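Structure first, then comments.
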Amino acid sequence: MKTLDQTWNLDVIFPEGSHSAAFEAFLDRLNSDIGQLTTALQTVSAPFTADDEVAFRKLIQTYEHVSKKLGEATAFVECLTAQNVNDGKALVLSNRIQSFLSRFETCETLFETALQNIDKSDWSLLIARSGTDGERFALQEKRELSMKKLPPEQEKVISGLSVDGYHAWGDLYYTIVGKMKIPFDHPEKGKAVLSVSQANNLLDDGDRAVRRAAFDALEKAWSENADLFSSTLNHVAGFRLSMYEARGWSDFLDEPLDYNRLSGQTLNTMWQTITEYKPALVRFLNRKAKLLGLKKLSWFDVDAPLTKKSKKISYEAAADFVVQHFRTFNPKMADFARHALENRWIEAEDRTGKRPGGFCTSFPLTQESRIFLTFSGTVGNTSTIAHELGHAYHQAVMNDLPYLTQKYAMNVAETASTFSEMIVTDAAESAAETKEERIAFLANKLERSVALLMNIHARFLFETRFYEERKKGIVGVDRLNQLMLAAQKEAYLDALDVYHPTFWASKLHFYITDWPFYNFPYTFGFLFSTGIYVRALQEGPAFAEKYDALLRDTGSMTTEQLAKKHLGVDLTAPDFWHSALDYIMKDVDEFLALTK
């Protein structure tokens, strides 16, 4: 592939970044559109009947139009604040978008109430006559959600308070992290001041001294700011719990389960089945420790390369590898990936001032996506490119559907990304020319399995226990550290020597206000996509069309219904989870055999 620009192109969406006059004009129109939608919803004086199909369809079209515009604006500002955490103008825009989102939450409440008020005898007839059968699932979901909430006026108060309360605390987290500077004394290169993202990239360096120094520097930085992070986390959780209590929701997992269109039975079955397989992962961790000359791995060794000199890869080579191996599964995916790479949909440059982590966001009006990451030339970075391109491809195959049916849950959103990542990591393993390279790639795959089956489990255990304690009052720094340490030891079957007690401060997922419990969907997506991948290997190229059909249905049914329709499996039973985990454990067996 030709030389690629590692900065994304946002100008084709709105020119001149945070100072875009076009974007300001767009926001002014959006402000007016939200006002008009609010008025239209407030003037729905009587419930729709089966004979009101024209007015009903018009209201849905208006709602979808405003939703798209708000999605476009939100995605643009997310990109601005991620690419430069010191962009003050972008933060101002972010606050403005947050106020729009709050007002739109009021629209959501009024819209859901309008759906709720429709008589049951008129509901199906109205859906059929108005030509909205394609949106039936989404509309029914909103109708049922409305029945669980407070009256509209009270929900409006909650939405208003959330701007300077709930969401403001989440925004504060990004501000603190963005301003953090990590003094770092490199064992070979000397002293430097790094961003959090740059320091995190050193945690999988081939030199253990570098890893240890980076871990210690980060741990010190998180500890020094722990009181700020503790306040932030407690107030995010406190607002959320107060909102639940007002609505009469007794279980704090109800909202994340609803968001993921998932039953508690499925979630419990998944975790129970995973726990059965953890001893095999411990055998991998113990073997890796021996290969590194250690009695036990420390937290900063789990993702360490098995050779001191970790192989670096250029951005172009990584991009080529992803496109090449996407093509072996589905030429459409490969062509899409190449288009995204060559048209600068990806922000990958390694520089200070960027937000840590990675994401993919979509622009519903432009019908493009943008991908954010920091590329430092590691094998893991290549997997991240594949992962985020999977998200973008998922959106692309749904762009022609009604906007309401494009709203898929987070757990199935992780399906396409993890599936794409799996294609690339398996290809890397197969392309290994030596035994040592094969061992390295197997290790990389298993490290991902450890992350998704153990690390994510630790996050889930921590968060459930933290929320239980938060119901009783503020949870202090020392107790947060204790909860995290206990969760990590349990999730890893105490297989590590050194843990990361301030992980609750360093992981931004705990501070996301739009998605509660931003953890278990990753594990679900990993195992769900593994099961799909097993099916793809069995069926060959013919499965690509079925895969696209599954992705297109992700916004139109529950997760259990999706699995039943496209895979013929019952997610509340352990069989499907066993099939996925059995496939993963083959890597453990092969790794142990090669390193005997």
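Worth a mention:
- Evaluation of Glu349 against (1) part of a helix (DSSP H, G or I); (2) out of contact with any helix residue (DSSP H, G or I) (no Cβ under 7 Å at 6 or more places or on another chain); (3) under 26 Å from Leu194 (Cβ atoms) (one fails), failing number: (1)
- Residue count, region 329-342 (criterion: in contact (Cβ under 8 Å) with a residue 60 or more places away in the chain and over 18 Å from Ser314 (Cα atoms)): 5
- The one condition in (1) within 27 Å of the chain's Cα centre (by Cα); (2) part of a helix (DSSP H, G or I) that Trp249 fails to fulfil: (2)
- The lone criterion from (1) touching a Ser or Thr at 6+ places or on another chain (Cβ under 9 Å); (2) modelled with pLDDT of 95 or more; (3) of a type outside the set (Asp, Glu) left unmet by Ser310 is number (2).
- Those helices (runs of 4 or more DSSP H) lying entirely in region 491-576 with at least 2 residues more than 23 Å from Glu255 (Cβ to Cβ), aromatic (Phe, Trp, Tyr) and not assigned by TED's automatic domain parsing to the domain that holds Lys296: 543-552
- Flag for Glu347 being among the acidic types (Asp, Glu), in contact (Cβ under 8 Å) with a residue 60 or more places away in the chain, over 30 Å from Leu493 (Cα atoms) and surrounded by 20 or more Cβ atoms within 10 Å (Cβ to Cβ): yes
- Count - residues of region 5-63 that are touching a residue at least 24 places away in the same chain (Cβ under 8 Å), among the hydrophobic types (A, V, I, L, M, F, W, C) and closer than 30 Å to Ser121 by Cβ: 9
- Counting only helices (runs of 4 or more DSSP H) wholly contained in region 47-149, the ones carrying 1 or more residues that are at pLDDT below 95, surrounded by fewer than 21 Cβ atoms within 10 Å (Cβ to Cβ) and touching a Pro at 6+ places or on another chain (Cβ under 6 Å) occupy 88-116.
- Among residues of region 456-493 being over 23 Å from Lys220 (Cα atoms) and of a type in the set (D, E, K, R), the one that is farthest from the chain's Cα centre (by Cα) is Lys472.
Residue-wise test of (1) in contact with a Leu (Cβ under 9 Å, 6 or more places away or on another chain); (2) surrounded by 14 or more Cβ atoms within 10 Å (Cβ to Cβ).
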| residue | (1), (2) |
| --- | --- |
| Ala226 | yes, yes |
| Thr269 | yes, yes |
| Lys295 | no, no |
| Ala304 | yes, yes |
| Glu316 | yes, yes |
| Asn330 | no, yes |
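- Ala280 being part of a helix (DSSP H, G or I) and free of Cβ contacts under 8 Å to residues at least 12 places away in the same chain: no
- Every residue from region 155-211 that is of a type in the set (A, V, I, L, M), outside any helix (DSSP H, G or I) and touching a strand residue (DSSP E or B) at 6+ places or on another chain (Cβ under 9 Å): Ile182, Ala192, Val193, Leu194
- Restricting Val498, Val450 to those that are of a type in the set (A, V, I, L, M, F, W, C) and surrounded by fewer than 22 Cβ atoms within 10 Å (Cβ to Cβ) reduces the list to Val498.
The values are calculated or read from the model by the stated rules, or taken from the named source; none is laboratory data. A quick note: this is a predicted structure, and the numbers were derived from the prediction, not measured. When we count neighbours, we look across all protein chains shown, and the Cβ atoms used for this are built from the backbone with ideal geometry, even at glycine.
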